[in-house]
Every structure is written in structure tokens, then in C-alpha cells.
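Enquirer: Structure in C-alpha cells, see below.
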Amino acid sequence: MMKRSAAVLGTVLLAVMLAGCAGPVEGTAPEGDVEISAEATEGLVAETPEVETGEQAFLDEVRANLRPENVIPNATDEQLLDAGEQACEAIANGADTSTLSLIDGESTDVSGYYPDSATIIVAARQALCD
């Protein structure tokens, strides 16, 4: 029994000594001594995405984002540009664009918005409006 206790005690002591020899894992610091990388001290900087502006950018944006089941599948570029200008005027006049319809006969969706007009308004705000 004594031999068994001595063996267990020896194993425990060996484990404690080996644990004491182990230094911090690479990339970590001992408690109380925290290393901060240069990248972390610089902080995050927001980048402004480059947005194309102008009539072609507006048209591309509208056509790319209209719903497949939109109510204006045959709208011409001229009609879309006219709607975009109406959107810019409404925005400049402080209109609530969430309730604005630029399309005759357009119905609201389940949330009460005009989805195709919203597509035009968003594109106009990005590409046409000053």
C-alpha cells in the first residue's frame, strides 16, 4: 500500500513540475501581461463603397433589383428615368418615401410598401439625386 501511495504521489509531483515548465502557448501572453497587436490598436475604419452615378447607373440598378414579378416589366428607360426624377423631387421635398408610389396602379405588398417604387427610389437616391 505504501508503494502504491508513493507511486501516485510521484506521478502527481511529476505532473505538477511538468506543468510549471510549460510556458505560454505561442500567440498568448501570461495572465496580467496582455499583448495587443498593432492592428488591434488602429481600430476599424469604415470604407465608403464606390457607387456609380448617373442615368446608366440608375437604370442598371433598377433593372438588376426589380422583382421578377414586378408590375412594370415593359418599362422603357425613359419611363424609368422619369420615375427616378419624380423620386428625387419627392426626396428633396421631404416626402415619406416608404409610402410613395411612382407607378400608376401599383399595389402595396403585405407590409404596406410599394416594392417596385421602392426599387426606383433606392436607385434614384444612389445614382440620380443631388
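Enquirer: Work through the residues other than residue 123 whose Cβ is under 10 Å from its Cβ and net out their charges, Lys, Arg +1 and Asp, Glu -1.
Expert: It works out to a net charge of 0.
Enquirer: Once you have the Cα-Cα distance between residue 77 and residue 60, take 0.36 nm times their residue separation minus that, and quote the gain in nm to one decimal.
Expert: Contour length minus Cα-Cα distance gives 5.1 nm.
Enquirer: A further question on this structure: Got a number for carbon plus sulfur as a percent of region 41-88's accessible area, 1.4 Å probe?
Expert: Result for region 41-88: 47 percent of the exposed heavy-atom area is carbon or sulfur.
The values are calculated or read from the model by the stated rules, or taken from the named source; none is laboratory data. For clarity, every value in this text was computed on a predicted model and none was experimentally measured. All Cβ positions, glycine included, derive from the backbone under ideal geometry; neighbour counts span all protein chains shown. These area figures cover heavy atoms from the full protein model, side chains too; ligands, DNA and RNA do not enter into them. Shrake-Rupley method; radii C 1.70, N 1.55, O 1.52, S 1.80 Å.
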